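Chemist: Got a structure here, written out as structure tokens. Questions coming.
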Amino acid sequence: MNAPHTPSAATAATLTVKSAEDMRELGRRLATLLRPGDLVLLSGELGAGKTTLTRGLGEGLGVRGAVTSPTFVIARVHPPLGDGPALVHVDAYRLSGGLDEMEDLDLDVSLPESVIVVEWGDGKVEELSEDRLRVVIERAVGADAPAGGDEDADDVRSVTVSGIGARWAGVDLAPLG
């Protein structure tokens, strides 16, 4: 009997982001690596910068409409302004039933021609694709936080980007930093 296939992290990068504008810029840089069919899972506490990163992704992908938190609508679709993919921005925070509960959103139908970004998606949407990008945003502490009581210290984040599956094998994420 064959062991079940378990996707593993193909590549990863950890970087320090010092401001909201830097988070948006990271999103714009990350957008250059994305293509239709990509699934991006964003994790981090409330206020970590998930939506700010997604704004940058939207800017980088060149999509229509302001990227705002989809908390109350669960999902927003931002069509492309040009030839690029649409951005489907999902907030799974209020969803507890995993992929079964998300079936009504038809994410599996949207995935081939869109970039799907799911906030709070860990443990809920991994079944959509063996290939995904996982972005974990944490408030910087200790050695990563600015010294000297800097008033901007609350804006500093440690961001880890991990490519999972064959799609991300060999993709160098280090230039994101």
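Only the coordinates and a few stated rules stand behind these numbers; no lab work does. Since this is a predicted model, take the numbers as computed values, not measurements. Reconstructed Cβ throughout: ideal geometry from the backbone, glycine too, with neighbour counts over all protein chains shown.
Chemist: What is the extension gain from Asp83 to Arg64, computed as 0.36 nm multiplied by their sequence separation minus the C-alpha to C-alpha distance, in nm to one decimal? All intermediate terms of the calculation are to be shown ahead of the outcome.
Modeler: Numbers: separation 19, 0.36 × 19 = 6.84 nm, distance 1.20 nm.
Difference between extended and current length: 5.6 nm.
Chemist: Run the simple label-point estimate for Ala166 and Lys18 please: 7 Å along Cα→C-beta, distance reported in nm.
Modeler: If labels sit at Ala166 and Lys18, their model points lie 4.2 nm apart.
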